[in-house]
Amino acid sequence: MPSFRISVTPSRRAAARFISSVRRAIQKALVEEEKKRGLKQTDIARAIGVHRSVINRELKGRKDITLGRVAELAWAMGRVPIFDLPIEQANVGSNWRRADIAGTQISIVSGKRIRTSTSTAAG
Amino acid sequence: MATLLDLERTGAVSRIDPELNPRIQELRLIYTSPGVQQWIEQVLPTLESTWKVEESPIEQLTALIEIFCAGDTLSFGWQFNPLRPHRNGVWELKTADLRMFGWFSAKDCFVVAAADMADRIKDHGLYAGYVGQVVRFRDGLDLDEPKFISGDDPHAVVSDFSYP
């Protein structure tokens, strides 16, 4: 029996993966800051003026996280969010189609900066 | 006796195609029982988030499967852990709304034999029942011994788990 795919449109797949990657980057940064200087969710919540449970729900995916909140969380952790939209690059010989594009990436660079970027794929 | 690949050929289990970006290698595998495959194809698309978040349960699963199969770090800390052990080598893979129960037939190779919405499992106390369902399905498979990795150490079942 062949493998099967999960029925999600490419655009929604891209959205889900991007949201997940942003949330994971924030989780990772928070764990790093907690190890480095003992920063807790409570400290972040106090710094941006919300209850700790709000931050906890947002980080666990139980509450939508806005772009503004991403910036607030980054600020509270002493980090800088950076958003990029690089142009897709075609790979010679690749049979990857535009409609298949699904990946997005987020990574933390230089320990103090959060870099987000869409993935590139062949046209 | 058979390998997981043999069982896939007979339809006893099916592999989820994670549809990774062409530059990303599939480093971990997820298989499902026929029942879970049917649930993913027929029931999951109809479910809405209990938390009313933007990502529907099926979209949450898509994102988690990408992370899992791409071999990304699975956990950054105890508070953000998507993998939880139960008894008898059964593990739970979770999103905000979903719980998937299965076992690791080998490191980085997860077989899901039960899945449901988290709120339904909590409201009706279904954890033990689903763990039992996984064990019964696993026992019924003609899979080579050892059929699963025992214990509750996440580092034994997945690579790049991260937190100590």
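Computed over the Cα atoms of the protein assembly as shown, what is the ratio Rg over Rh, Rh following Kirkwood? Write down the numbers at each step before the final one.
On the way: Rg = 19.3 Å, Rh = 19.9 Å.
Reported Rg/Rh (Cα atoms, Kirkwood Rh): 0.97.
What's the average, rounded to a whole number, of partner chain beta-carbon atoms within 10 Å of each residue's beta-carbon in B:15-24?
For peptide B:15-24, the averaged partner shielding equals 6.
Order B:S56, A:S7 by their accessible area, 1.4 angstrom probe, all chains in place, largest first.
Reading off the accessible areas and sorting them downward yields A:S7, B:S56.
Rounded to the nearest 500, what is chain B's calculated 222 nm mean residue ellipticity when only DSSP H runs of at least 4 contribute -39500 (n - 2.57) each, over all residues?
Helix contribution divided over all residues of chain B: -8500 deg cm²/dmol.
So how exposed is B:K122, as accessible area in Å² (1.4 Å probe, rounded to 10)?
Looks like 100 Å² after rounding.
Could you compute the FRET efficiency for B:A128 and A:A71, with r as their C-beta to C-beta distance and R0 at 51 Å, rounded to 0.05? Let's see the in-between values first.
Values: r = 43 Å, r/R0 = 0.85.
FRET efficiency, B:A128 to A:A71: 0.75.
Take every Cα-Cα pair in chain B and report what % of them are more than 27 Å apart.
Of the Cα pairs, 19 percent sit more than 27 Å apart.
How big is the accessible area of B:S33 in square angstrom, nearest 10, if you roll a 1.4 angstrom probe over the protein chains?
Around 10 Å² of this residue is reachable by solvent.
In the neighborhood of B:I30, defined by Cβ-to-Cβ distances under 14 Å, what is the net charge if each Lys or Arg adds +1 and each Asp or Glu adds -1?
Local charge sum for B:I30: -3.
Report the residue, chosen from B:R120, B:R15, B:R28, that carries the largest GNM mean-square fluctuation when chain B is represented by alpha-carbon nodes joined by springs under 10 Å.
Greatest mean-square fluctuation among the candidates belongs to B:R120.
In peptide A:59-69, how many Cβ atoms from other protein chains are near each Cβ within 10 Å, on average?
Working: counts 2, 6, 14, 8, 4, 6, 2, 0, 0, 0, 0.
Counting other chains' Cβ atoms within 10 Å and averaging over A:59-69 gives 4.
Provide the solvent-accessible area of A:T9, counting protein heavy atoms only and rolling a 1.4 Å probe, rounded to the nearest 10 Å².
70
Could you compute the net charge surrounding B:E48? Neighbours are other residues with a C-beta less than 13 Å from the C-beta of B:E48; K and R count +1, D and E count -1.
Charge balance in the 13 Å sphere: -3.
Which one, B:Q37, B:Q133, B:Q25, has the greatest fluctuation when you compute a Gaussian network model over chain B with C-alpha springs under 10 angstrom?
Of the options given, B:Q25 has the highest mean-square fluctuation.
Please find the FRET efficiency linking B:D17 to B:T50, where r is the Cβ-Cβ separation and R0 is fixed at 25 Å, and quote it to the nearest 0.05. Working shown, then result.
Values: r = 27 Å, r/R0 = 1.09.
Efficiency computed from Cβ-Cβ geometry: 0.40.
Whenever you get a sec, line up B:Y163, B:Y130 from highest to lowest accessible area (probe 1.4 Å, protein heavy atoms).
Output order, biggest surface exposure first: B:Y163, B:Y130.
Of B:W91, B:W51, which has the most accessible area and how do the rest follow, probe 1.4 Å?
B:W51, B:W91
May I ask you to give the solvent-accessible area per residue for the range B:4-150, in square angstrom, as obtained with a 1.4 angstrom probe?
40
The values are calculated or read from the model by the stated rules, or taken from the named source; none is laboratory data. These figures come from a predicted structure and were not determined experimentally. We place every Cβ from the backbone using ideal geometry, glycine too, and count neighbours over all the protein chains shown. Remember, those area values only see protein heavy atoms, side chains included, never the ligands or the DNA or RNA. Shrake-Rupley method; radii C 1.70, N 1.55, O 1.52, S 1.80 Å.
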